[in-house]
Amino acid sequence: MKERIEEIMREAKVTSSQFAKIIGVKQASLSHILTGRNNPSLDVIMKINQAYPGIHLEWLLYGKGEKGTVHESNLINSPENGEGQIIAPVMNELFPADDINEIENTPGKPENIPSMESVRYIERPPRKIVEVRIFYDDGTYETLTPSK
């Protein structure tokens, strides 16, 4: 999986520290993944998937199917040095709600900053308790199931 993460970084033209900021993980965690010391957790995989929605999850997880596309919308040109400056993919994490309205109404705002309309909310069905197990210190346990 680390090879696929490295491929995303190469295609996005970002360093490992920039990639860590984009997906919202610590640089050390990403470094451990890239050196092969640790495998990425589900949390890291989901953060990559959120930051790069064009990448197909099945390819990222298993290397099967099409890769998808890495959008460079996480980068804008920085006036200070002419190089890419990182823009986090989720506006809510960067600014409180009042600041978002101010940015949306700012003339000349960069076009590649995602608007709040582009955020997708996926409804999940409510979860139901199927079974509860109580373990005792003598090595026994009870299984409780809700009545229907």
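Please treat every number below as a calculation from the coordinates, not as lab data. If you're wondering where the values come from, they're calculated on a predicted model, not measured in any experiment. For neighbour counting, all protein chains shown are included, and Cβ atoms are generated from backbone atoms with ideal geometry for every residue, glycine included.
Close contacts from region 127-139, counting a first residue that is in contact (Cβ under 8 Å) with a residue 12 or more places away in the chain and a second that is among the hydroxyl-bearing types (Ser, Thr, Tyr) and outside any strand (DSSP E or B), with Cβ to Cβ under 6 Å and a gap of 6+ residues or different chains, come to 131/145.
The set of residues from region 1-33 being assigned to a helix (DSSP H, G or I) and among the hydrophobic types (A, V, I, L, M, F, W, C) comprises 5, 8, 9, 12, 19, 20, 22, 23, 28, 30, 33.
Here region 21-58 is the region considered, the condition is being surrounded by fewer than 17 Cβ atoms within 10 Å (Cβ to Cβ) and among the hydroxyl-bearing types (Ser, Thr, Tyr), and the residue that is nearest to the chain's Cα centre (by Cα) is 41. Looking at region 16-40, I want the residues that are touching a residue at least 60 places away in the same chain (Cβ under 8 Å) and have a partner that is in a helix (DSSP H, G or I) and surrounded by 15 or more Cβ atoms within 10 Å (Cβ to Cβ) with Cβ atoms under 7 Å, at least 6 apart or on another chain. Which pairs are those? Taking only residues 6 or more apart or on different chains, the pairs are 22/51; 24/47.
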